[in-house]
1. Report the full-extension gain for the segment L67 to I87: residue separation times 0.36 nm, less the Cα-Cα distance, to one decimal in nm.
2. On a 0 to 90° scale, report how tilted helix 83-94 is relative to the longest principal axis of the chain, with both axes built from alpha carbons and the result rounded to the nearest 10.
3. Give, in nm to one decimal, the length gained when the segment between L132 and M162 is fully stretched (0.36 nm per residue of separation minus the Cα-Cα distance).
4. I'd like the FRET efficiency for D94 and F54, computed as 1/(1 + (r/R0)^6) with the beta carbon distance as r and R0 of 22 Å, rounded to 0.05.
5. Taking +1 at the Cβ of each Lys and Arg and -1 at the Cβ of each Asp and Glu, which of L117, L168, I34 sits farthest along the dipole of the chain towards its positive end, judged by Cα position relative to the Cα centre?
6. Once you have the Kirkwood Rh of the range 5-171 from its Cα pairs, apply Stokes-Einstein at 10 °C and 1.306 mPa s and quote D in µm²/s.
7. Among Y86, P97, L18, which residue has its Cα furthest toward the positive end of the charge dipole of the range 5-171, with +1 on Lys/Arg Cβ and -1 on Asp/Glu Cβ?
8. Taking 0.36 nm per intervening residue step and subtracting the Cα-Cα distance, what contour gain separates E9 from A107 on full extension?
Amino acid sequence: MFIDPAIEESLNTYNRMLLVLCVAVFLIYSLLAIQFESFFRPLLIISVIPFCAFPPLLVLLAAGIPLTAPVIVGLTVLSGMSVNNYILILDAMDKEPEETPLPERIAAAIEKRFMPLFLSSGTSILASVPILFTSAPFASTPNTLAIIVSLGLLASFVGSFMFLPALLVATQR
């Protein structure tokens with residue numbers, strides 16, 4: 001008995017792609033750590049990655065779609081795109097006076113950044129809509145990427161107003 005070489009090659013490809021995803025997350029963390037000169041703040045920012053990856057993976061599970069190369073590429077692209085919302089909110093929080101209580105600083109930052117977040121997320125999601133209708137769902141690479149990125153960005157947008165404030169209050173930043 002021996003393992004089919006095609007299966008072994010596929011497993012090696014998936015392992016390399018997952019490694020690339022991990023390297024992408026590490027590079028995002030490293031760049032943010034250098035930018036913010038902080039260890040903890042980049043962790044807050046990249047906490048969006050699992051939050052925004054959950055809905056696309058849940059849809060894949062519900063649809064019975066296997067984890068394919070386009071899905072992993074979509075998750076890698078999504079990991080870079082999804083952190084933008086958190087960066088904008090944290091930047092707006094930094095501009096608020098330090099003496100202001102944390103919940104009020106969070107609310108003011110979200111209020112100031114709502115329209116830019118809405119527009120940037122909305123245009124990215126709307127840009128993927130025409131691709132969604134090019135073929136059956138998950139039948140082609142562009143279609144799969146569009147589904148993964150649009151669902152993930154929607155989750156990132158929602159998480160910017162629900163998950164990040166709760167995380168900030170819980171960690172008492």
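1. Result: 4.3 nm gained on full extension.
2. Compared with the principal axis, the helix lies near 10 degrees.
3. On the way: separation 30, 0.36 × 30 = 10.80 nm, distance 2.73 nm.
Taking 0.36 nm per residue and subtracting the Cα distance, the gain is 8.1 nm.
4. Details: r = 28 Å, r/R0 = 1.27.
For D94 and F54, the calculated efficiency is 0.20.
5. It is L117, whose Cα lies furthest towards the positive end.
6. Working: Rh = 17.0 Å.
Estimated diffusion coefficient is 93 µm²/s.
7. Value: L18.
8. On the way: separation 98, 0.36 × 98 = 35.28 nm, distance 5.01 nm.
Stretched fully, the E9-A107 segment lengthens by 30.3 nm.
Values in this text are rule-based calculations from the coordinates and carry no lab data. Small disclaimer: the values here were computed from a predicted structure and weren't measured. When we count neighbours, we look across all protein chains shown, and the Cβ atoms used for this are built from the backbone with ideal geometry, even at glycine.
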